[in-house]
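Below is one structure, written out as C-alpha cells; the observations come after it.
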C-alpha cells in the first residue's frame, strides 16, 4: 500500500447527503474527496427520479417538520438551516427550474434526476472535489487512516475530518446495504436495527380478488388508522396494499403489526362525498340493475373498489342505502405483515442520535454522519430527500467548524 493520501475531508458515500456535504465543504475552500463503492454516483437519487424526482414539499414548515415523527426535534435545527426553499433555490442554481404540484410537492420541471445530477457533478469537479468510484470503505488501520478496497488494490486516506453518508438498508442493489452498521457498533456506537419504511403490507385477499385485481390502482381514497389519516392513491398488489396513501401511515401500521400481529386499516372509497350525499345517491330507484352495476353508476365505484368492498364486508353487502353508504365510507382491511427491506422505499433504524454529539460520533471524534444512516424516517413526498440534503449540509458545517 502506498503512503496515505492527505486531505481536509473525506466523504464516504456518493448519494445526496454525501454530495451535498462535499459541495458545502468545497465551497468553504477545503480539499475534499468523495469515495463511493458503486461504479456511479447517486444511484438511489436517480431511482427517485423515475417517479418525477419529488425534491421537497411546499407545506407549512411546522407541519413539514412534524412529518419526521419521533426524530422531528432532532432534525428541526438542520431543516431550519437548510429549508425546502433553500433546496429549491439550490436546484434552480444548477439550472433546474422547479414547480409545485397540486399536492404541494416540489419537482424539477424536467421531472427526472439525471440533468440535475449531471450539473451537480460538473460543479463538484470544477471545484476540485475528487470523485473516487468503486472504492469500498473497509474501516480504519492501526494508524487511524481510512482504508478502501479499490480496483487498483488497497488504499489509505488520512483526512483531517471524515463524513460518513453511507445510506440505510433499503435498495441494497443501489448501494445502501447497511454493511457499515457492525463496523460502527464495534466502536461502541449504538445502532438501532433496520426496519422497512414506506412499504407495502400483506392482506389475505381471496383468490378471486387477487387473480382479478392484482396491480389495479385505487384512486383518491382516504385511509385512517388509530386517529391518523392520509389521502391519495394506493395499489391493490397481489400480496396486499401499497402506494403513497399507505406509505404515509406505514410507520404506525408497521409498529402495530410488530406489537399485535395485525393492524385494522379503514378505507373511505369516496372521501369527497359525505355520508348523507352518498346515502341519497344510493336511495334512488335501482330497478333491475345488479348491485355491482348500481354501485358503479350511483356511487361511481370502479370494479376494483367494488371488489375491495366485498373483501372488507363480505360478498353479501348491506342492502339498505344508509348501511351501504357507511360500508363504502369505512371499509376495514386487516393487514398482517409488512414487506421486507428488499421492497421498502426507505428504512427506519440506523445510527442512534444518542451516539452523536451534534452529528459527530462520540466514539470517533472528527467523524461526522449524515443522511439515511441516522435513525429517522419520514413518508414519501419530498421529506426523505430534504432530510438527506439538510443533514449533509449540517455535517459539513460541523466539520468546517471543527477544522477551523
Tell me, which residue of region 55-67 that is touching a helix residue (DSSP H, G or I) at 6+ places or on another chain (Cβ under 7 Å) and farther than 15 Å from residue 81 by Cβ is surrounded by the fewest Cβ atoms within 10 Å (Cβ to Cβ)?
-> 66
Any chance region 174-189 includes a residue that's in contact with a strand residue (DSSP E or B) (Cβ under 7 Å, 6 or more places away or on another chain) and on the phi > 0 side of the Ramachandran plot?
-> yes
Given (1) assigned to a loop (DSSP other than H, G, I, E, B); (2) touching a strand residue (DSSP E or B) at 6+ places or on another chain (Cβ under 9 Å); (3) without any contact (Cβ under 8 Å) to a residue 40 or more places away in the chain, index of the condition residue 102 fails = (2)
Determine which member of the set 115, 108 is more than 29 Å from residue 194 (Cβ to Cβ) and crowded, with 21+ Cβ neighbours inside 10 Å.
-> 108
If we scan region 39-49, do we find a residue that is touching a residue at least 24 places away in the same chain (Cβ under 8 Å), more than 18 Å from the chain's Cα centre (by Cα) and crowded, with 19+ Cβ neighbours inside 10 Å?
-> yes
Can you name the number of the only condition in (1) at pLDDT 95 or above; (2) farther than 29 Å from residue 60 by Cβ; (3) in contact with a helix residue (DSSP H, G or I) (Cβ under 9 Å, 6 or more places away or on another chain); (4) assigned by TED's automatic domain parsing to the domain that holds residue 16 that residue 206 fails?
-> (4)
Tally of residues being in contact with a strand residue (DSSP E or B) (Cβ under 8 Å, 6 or more places away or on another chain), free of Cβ contacts under 8 Å to residues at least 60 places away in the same chain and not in a strand (DSSP E or B) across region 211-237 = 2
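Quick test for you: out of 317, 324, pick the one residue that is buried (at least 17 other Cβ atoms within 10 Å of the Cβ), in contact (Cβ under 8 Å) with a residue 12 or more places away in the chain, outside any helix (DSSP H, G or I) and more than 32 Å from the chain's Cα centre (by Cα). Explain how you work it out, then say what you get.
Values: 324 fails: outside any helix (DSSP H, G or I).
Among 317, 324, only 317 is buried (at least 17 other Cβ atoms within 10 Å of the Cβ), in contact (Cβ under 8 Å) with a residue 12 or more places away in the chain, outside any helix (DSSP H, G or I) and more than 32 Å from the chain's Cα centre (by Cα).
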Go through 295, 341, 384, 291 for me and flag whichever is out of contact with any strand residue (DSSP E or B) (no Cβ under 9 Å at 6 or more places or on another chain), buried (at least 19 other Cβ atoms within 10 Å of the Cβ) and farther than 22 Å from residue 161 by Cβ.
-> 295
In region 305-334, what residues are touching a helix residue (DSSP H, G or I) at 6+ places or on another chain (Cβ under 6 Å) and closer than 30 Å to residue 171 by Cα?
-> 333
Which one of these is without any contact (Cβ under 8 Å) to a residue 40 or more places away in the chain and either closer than 25 Å to residue 115 by Cβ or in a helix (DSSP H, G or I) (or both): 62, 23?
-> 62
Which of (1) surrounded by 23 or more Cβ atoms within 10 Å (Cβ to Cβ); (2) in a loop (DSSP other than H, G, I, E, B) does residue 348 not meet, given it meets every other one?
-> (2)
So which of 244, 276, 240 ends up being at pLDDT 95 or above and touching a strand residue (DSSP E or B) at 6+ places or on another chain (Cβ under 7 Å)?
-> 240
Within region 141-173, which residues are surrounded by fewer than 18 Cβ atoms within 10 Å (Cβ to Cβ) and out of contact with any strand residue (DSSP E or B) (no Cβ under 6 Å at 6 or more places or on another chain)?
-> 142, 143, 144, 150, 151, 152, 153, 154, 172, 173
Being in the same structural domain as residue 83 (by TED's automatic domain parsing), surrounded by fewer than 24 Cβ atoms within 10 Å (Cβ to Cβ) and in contact with a strand residue (DSSP E or B) (Cβ under 7 Å, 6 or more places away or on another chain) narrows it down to one of 366, 358, so name that one.
-> 366
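The values are calculated or read from the model by the stated rules, or taken from the named source; none is laboratory data. Given the structure is predicted, the values throughout are model-derived calculations rather than measurements. No Cβ is skipped: glycine too gets one built from the backbone with ideal geometry, and neighbour counts run over all protein chains shown.
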